[in-house]
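Student: This is the structure, below, for whatever I ask next.
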Amino acid sequence: MKRLAVLLFPAALLLVSCANKEPEVEFKPIQLNWSARSEAAESHPDKDRCVISITSSLMQDKRILASKMELLDYLVLYDVNGESLEFEGICGNTAFKDAIECRWKAVCATEKNVVVKFHNGD
Amino acid sequence: MSRIMEKIYALFRMNILIFVLLAATVIALFAYQNGLDEIVFLNLSDYPYVIPETDSADGGSSAVAITRTDSSIIVDYELKEGYAYPYAGVKILLGDGKTKGLNFSKYDSIFVWVKPRGEGTVRIYFRGYDPAFYRDGDEGSLKFNEVEFFPLEETYPAVFVPQEFRVASWWVAQNEISVHKARVDLSNIPLIEIQTGTNAPLGYGTLEIRGFCFKGKKIAKLDLVTILVALWFVTFLIILVIRFFDYNRERAANRKKQEELEKYLEALEIEKTEYEKSSRTDPLTGCLNRAGFGSVLLREQENLTKNGSPVSFVLLDIDHFKEVNDTYGHSVGDEVLINLTKLIQGKIRNSDSLVRWGGEEFVILCGETPIQNAQFLAEKLRVAIEKTQLIPQQKITCSFGISEMVQGEDPKRLFERADKALYASKEGGRNRVTSATYRRQR
């Protein structure tokens with residue numbers, strides 16, 4: 001009986017280790033409600049690229065993913081500043097208004113990477 | 001007429017005809033062997049020209065006298081010295097005694113009734129006419145087909161076959177005839193001679209000639225074989241021709257059948273394609289249904305696994321759709337679905353797949369699209385739907401949930417994430433886009 005168990009245990013271990021495990025995905029729902037402050041901002045040629053870049057940056061940011069909020073709901077206001085576009089995101093959920101991820105700013109200039117800066121200086 | 005021809009045609013087509021032909025051949029050969037005899041009696045009373053003859057023509061002094069009865073000719077003779085080979089006998093003219101006679105060549109047995117009253121042999125000449133040797137008015141130029149035998153005392157006939165005859169060698173020598181032409185020929189016999197044989201004793205004697213009988217077959221063996229072979233040959237030729245036509249007809253019919261089958265197959269293929277298409281398509285909106293979604297998802301999954309190409313999943317739901325149905329009726333609801341489908345189809349890429357997930361829920365599967373791009377697309381769609389008057393009765397908006405496929409995960413999890421994002425959009429007040437962002441493995 002003992003011998004059988006000794007034989008079966010490594011076999012079972014091998015099977016379990018070889019089994020194709022499904023990856024566990026942690027996710028955070030995020031809403032971005034974009035709102036242009038001016039017509040110039042709305043029709044800016046880099047607007048679409050900037051929106052996608054900012055969305056990507058936000059989605060990959062560790063503060064967003066580590067947020068205690070169940071849903072990150074941002075109102076994103078944007079306007080033209082010189083040749084660049086300036087974006088400002090504010091959380092819709094006021095209960096967490098002091099949270100670091102609740103307020104951010106980003107400047108999107110032509111052919112430059114977008115950097116999202118959260119308000120408390122990070 | 002054509003019906004008779006059809007019957008003959010059918011008869012030839014059947015193999016039974018070969019068996020009939022085989023049976024006929026066996027019967028014909030058996031009948032030939034055991035019957036089909038032709039027997040001809042040479043009745044002497046039918047031939048009035050009977051001439052006695054002796055060796056006096058050759059310088060001898062023998063004497064002869066003939067007496068005719070109803071059934072026979074009695075030849076009384078006296079052989080005397082004078083000629084080296086004394087003889088006496090009788091000539092029976094069958095035709096004109098010169099050129100026209102009877103044909104005995106087809107008979108295979110010759111019966112001769114000669115009863116002697118004396119010793120010695122009897123000689124019979126079947127004198128044959130052959131235009132090659134015949135000299136006009138010269139009886140001696142008729143071929144001497146001879147046979148010599150000892151006649152029986154009894155009343156039984158002497159029997160010969162034509163092969164037992166030979167052409168007299170002295171006649172061949174006298175006429176200088178080539179040995180190749182000196183063959184027995186009984187095809188035209190104008191004269192028969194019956195004489196005392198070689199070395200017949202001198203003195204008185206009598207020959208009583210009672211008659212001749214010829215026995216043969218009604219049909220010659222060669223003719224019979226030729227007829228049978230010809231019959232077989234013609235039958236097989238006809239069968240062969242019929243088979244050839246049958247084969248051609250059959251081949252044409254098969255070709256026609258094959259063409260018909262190919263047409264049916266083609267029609268079935270088209271039907272199958274249409275059925276497959278309809279089984280994968282939503283009949284109301286014309287976009288894919290869940291069944292159609294399976295194959296598209298599989299393709300995109302493979303793309304992600306092999307090339308690492310990102311796949312995003314946009315789940316959208318029409319806001320307050322039940323109210324639209326309840327207020328304006330299902331036809332208006334259907335109009336919303338149709339117009340919404342048209343709007344979305346016009347804004348997505350050809351490589352993206354729009355699927356009616358069920359009721360008022362739709363899915364857009366975007367290949368080679370990361371989540372931020374899908375979010376951007378969804379936002380554009382949301383704004384476009386909001387700004388478009390899908391139905392005149394009221395404004396229609398949609399809520400969106402977006403997720404990106406993670407390599408190796410169950411598609412159910414992908415859908416769950418998108419569903420949760422959609423739920424967040426709904427909870428957040430509808431007409432929103434929510435993305436299910438996730439921690440990427442690096």
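The values are calculated or read from the model by the stated rules, or taken from the named source; none is laboratory data. Keep in mind the model is a prediction, meaning the values are calculated, not measured. In this analysis, Cβ positions are derived from the backbone assuming ideal geometry, glycine residues included, and neighbour counts consider all displayed protein chains.
Student: For the stretch B:249-264, name all the residues that are under 20 Å from the mean Cα position of the chain (by Cα) and among the aliphatic types (A, V, I, L, M).
Tutor: B:Ala252, B:Ala253
Student: Taking B:Leu284 as the residue in question, decide whether it is modelled with pLDDT of 90 or more and in a loop (DSSP other than H, G, I, E, B).
Tutor: yes
Student: I need a count of the residues in the stretch B:410-419 that are surrounded by fewer than 16 Cβ atoms within 10 Å (Cβ to Cβ) and facing another protein chain (nearest Cβ under 9 Å).
Tutor: Total meeting the criteria: 1.
Student: Also: Tell me, please, whether a residue that is surrounded by fewer than 14 Cβ atoms within 10 Å (Cβ to Cβ) and of a type in the set (Lys, Arg) can be found in the stretch B:200-215.
Tutor: No, because not a single residue in the stretch B:200-215 is surrounded by fewer than 14 Cβ atoms within 10 Å (Cβ to Cβ) and of a type in the set (Lys, Arg).
Student: Let me ask something else. If B:Thr369 satisfies every condition in (1) surrounded by fewer than 22 Cβ atoms within 10 Å (Cβ to Cβ); (2) part of a loop (DSSP other than H, G, I, E, B); (3) within 14 Å of another protein chain (Cβ to nearest Cβ) but one, which is the exception?
Tutor: That leaves (1) as the condition not met.
Student: For the stretch B:340-362, enumerate the residues that are under 21 Å from B:Phe321 (Cβ atoms), of a type outside the set (Phe, Trp, Tyr) and part of a strand (DSSP E or B). Outline the logic, then answer.
Tutor: First, pick out the residues of the stretch B:340-362 that are under 21 Å from B:Phe321 (Cβ atoms): B:340-348, B:354-362.
Applying the additional criterion that residues be of a type outside the set (Phe, Trp, Tyr) yields B:340-348, B:354-356, B:358-361.
B:Leu354, B:Val355, B:Arg356, B:Gly358, B:Glu361 - these are the residues of the stretch B:340-362 that are under 21 Å from B:Phe321 (Cβ atoms), of a type outside the set (Phe, Trp, Tyr) and part of a strand (DSSP E or B).
Student: Which one of these is farther than 16 Å from B:Glu404 by Cβ and within 60 Å of the chain's Cα centre (by Cα): B:Glu323, B:Glu302?
Tutor: Just one listed residue meets the conditions, B:Glu302.
Student: Now for a different question. For B:Val172, which of the numbered conditions (1) without any contact (Cβ under 8 Å) to a residue 12 or more places away in the chain; (2) of a type in the set (A, V, I, L, M); (3) part of a loop (DSSP other than H, G, I, E, B) fails to hold?
Tutor: Looking at each condition in turn, B:Val172 falls short on (3).
Student: Which count do you get for residues in the stretch B:132-147 that are more than 60 Å from the chain's Cα centre (by Cα) and surrounded by fewer than 16 Cβ atoms within 10 Å (Cβ to Cβ)? Before the answer, list the steps.
Tutor: Looking only at the stretch B:132-147, we keep the residues that are more than 60 Å from the chain's Cα centre (by Cα), and these are B:135-141.
Next, from what is left, pick out any that are surrounded by fewer than 16 Cβ atoms within 10 Å (Cβ to Cβ): B:135-140.
Total meeting the criteria: 6.
Student: Follow-up. Output the residues belonging to the stretch B:372-386 that are within 13 Å of chain A (Cβ to nearest Cβ) and either part of a strand (DSSP E or B) or of a type outside the set (Gly, Ala, Ser) (or both).
Tutor: B:Gln372, B:Asn373, B:Gln375, B:Phe376, B:Leu377, B:Glu379, B:Lys380, B:Arg382, B:Val383, B:Glu386
Student: Of everything in the stretch B:69-78, what is touching a Leu at 6+ places or on another chain (Cβ under 8 Å) and at pLDDT below 90? Give them in sequence order.
Tutor: Within the stretch B:69-78, B:Ser71, B:Ser72 qualify.
Student: Among the residues of the stretch B:344-361, which ones are surrounded by fewer than 20 Cβ atoms within 10 Å (Cβ to Cβ) and among the hydrophobic types (A, V, I, L, M, F, W, C)?
Tutor: B:Ile348, B:Trp357, listed by residue number.
Student: Return only the number of the condition from (1) touching a helix residue (DSSP H, G or I) at 6+ places or on another chain (Cβ under 8 Å); (2) more than 29 Å from B:Thr99 (Cβ to Cβ) that B:Thr155 does not satisfy.
Tutor: Every listed condition holds for B:Thr155 apart from (1).
Student: Another question, if that's okay. Against the conditions (1) more than 30 Å from B:Tyr32 (Cβ to Cβ); (2) at pLDDT below 90; (3) not small (Gly, Ala, Ser), where does B:Ile219 fall short? Just the number, please.
Tutor: B:Ile219 satisfies all of (1) more than 30 Å from B:Tyr32 (Cβ to Cβ); (2) at pLDDT below 90; (3) not small (Gly, Ala, Ser) except (1).
Student: Can you go through A:Ala109, A:Ala99 and tell me which one is over 18 Å from the mean Cα position of the chain (by Cα) and among the aliphatic types (A, V, I, L, M)?
Tutor: Checking each option against the conditions leaves just A:Ala109.
Student: Still on this structure, please answer the following. Tell me yes or no: at least one residue of the stretch B:420-433 is of a type in the set (S, T, N, Q), more than 14 Å from chain A (Cβ to nearest Cβ) and in a loop (DSSP other than H, G, I, E, B).
Tutor: No, the stretch B:420-433 contains no residue that is of a type in the set (S, T, N, Q), more than 14 Å from chain A (Cβ to nearest Cβ) and in a loop (DSSP other than H, G, I, E, B).
Student: Any residue that is at the interface with chain A (Cβ under 10 Å from one of its Cβ atoms) and free of Cβ contacts under 8 Å to residues at least 40 places away in the same chain - is there at least one of those in the stretch B:343-353?
Tutor: No.
Student: Out of everything in the stretch B:389-404 that is in contact (Cβ under 8 Å) with a residue 60 or more places away in the chain, more than 10 Å from chain A (Cβ to nearest Cβ) and of a type outside the set (Ser, Thr, Tyr), what residue ends up being nearest to A:Leu32 (Cα to Cα)?
Tutor: Here the residue is B:Cys398.
Student: For the stretch A:63-88, enumerate the residues that are within 14 Å of another protein chain (Cβ to nearest Cβ) and farther than 17 Å from A:Ala40 by Cβ.
Tutor: Correct list: A:Arg63, A:Ile64, A:Leu65, A:Ala66, A:Ser67, A:Met69, A:Glu70, A:Leu71, A:Leu72, A:Asp73, A:Tyr74, A:Leu75.
Student: Let me ask you something else. Any idea which residue in the stretch A:21-59 is farthest from the other protein chains (Cβ to nearest Cβ), counting only those that are assigned to a helix (DSSP H, G or I), touching a helix residue (DSSP H, G or I) at 6+ places or on another chain (Cβ under 9 Å) and not hydroxyl-bearing (Ser, Thr, Tyr)?
Tutor: Among residues in the stretch A:21-59 that are assigned to a helix (DSSP H, G or I), touching a helix residue (DSSP H, G or I) at 6+ places or on another chain (Cβ under 9 Å) and not hydroxyl-bearing (Ser, Thr, Tyr), the one farthest from the other protein chains (Cβ to nearest Cβ) is A:Ala41.
Student: Check off (1) in contact (Cβ under 8 Å) with a residue 60 or more places away in the chain; (2) assigned to a helix (DSSP H, G or I); (3) charged (D, E, K, R) for B:Asp317 and give me the number that stays unchecked.
Tutor: (2)
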